[in-house]
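J.: Starting off with a structure, shown below.
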Amino acid sequence: MELHPFFTAQRVLIVAGKGGVGKSTVAASLAQLSARSGLRTLLVTLDEPANGLTPHELLEQITVSPGRALADYLATKGLGLISRQLARSGIMELVATTAPGLDDLLVLGRIKAFEHERPTDVIIVDGPAAGHALDLVRAPVQLKRALGSGPISQQADEVLTMLSDPARCKVMLVTTAAITPVTETCEAADELTEKAHIALAPIVVNKCNPAVPRVDEAILLPSTREAYQYLSLRAEAQLEAIGVLTDSLEQPQLQLIQHHSDGAALINAISDDLEKAIRDLP
């Protein structure tokens, strides 16, 4: 598959995964690869800006918090003065998180606004951990049921329309090749597709270790034999986890190798691996 069809198959790509699987690095690497391929790309982070991105004229990143999303929403409703007063008082974030799920709806609403307002080809969202990602997409439904009507209900409707349209939004789950994160990924995928009706992009299997060649253990020194056995067991566990993922989910996989670097070097390396894995997709 070529890069442009992969990235433009949806306007918004939400990257989610269990803590520790490298979700944020994968999101930043996807954004960098998208811009490098010639697409105008927006990287949206929910906590703090991504570190290590190589500056590119087609790449922009924005950090969205519930408070900032609320301020922007009030401004669009002609309430900019109130927004500024709340911001000066330091309670904007508190107001934005008062009602359960309101903070998630505000963030999703801001992402929806980016989709409409910004002249970008691709929006990559460094989403929350897999468990919170489910809360994120549940929020519009829960608030819609609780409120029934009004501006917040209308916002929930618009967000749900975006989430349920695979041409506008997909979720990309990131895991590692171990049983626990794979099991959680399969459970999250089932809930996202069956209950939230959100389409999935290919699954990223991050931090894969290389295959271990078969050798005659009898010719190895004791210390070397012990290391070889450890690596062989780890490789078998990895194959088992990938097998479970393959049997459970029909989405294709983007398997990325383990890199022992950080910052810009890591993002560049994963961008290169992603490019190869995407081009290998049918």
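The values are calculated or read from the model by the stated rules, or taken from the named source; none is laboratory data. Values in this document were obtained by computation on a predicted structure and should not be read as measured data. Note that we place each Cβ from the backbone using ideal geometry, even for glycine, and neighbour counts take in every protein chain shown.
J.: Could you tell me which residue of the range 169-219 is surrounded by the most Cβ atoms within 10 Å (Cβ to Cβ), considering only residues that are of a type in the set (Asp, Glu) and farther than 20 Å from Leu231 by Cβ?
T.: Out of the qualifying residues, it is Glu184.
J.: Please work out which residue is modelled with the lowest pLDDT, limiting yourself to the range 32-56 and to residues that are of a type outside the set (Val, Ile, Thr), in contact with a Ser or Thr (Cβ under 6 Å, 6 or more places away or on another chain) and more than 24 Å from Pro282 (Cβ to Cβ).
T.: Pro49
J.: Can you pull out every residue in the range 167-193 that is within 18 Å of Asn206 (Cβ to Cβ), in contact with a helix residue (DSSP H, G or I) (Cβ under 7 Å, 6 or more places away or on another chain) and hydrophobic (A, V, I, L, M, F, W, C)?
T.: Those that are within 18 Å of Asn206 (Cβ to Cβ), in contact with a helix residue (DSSP H, G or I) (Cβ under 7 Å, 6 or more places away or on another chain) and hydrophobic (A, V, I, L, M, F, W, C): Val171, Leu173, Val174, Ala177, Ala178, Ile179, Val182, Cys186, Ala188.
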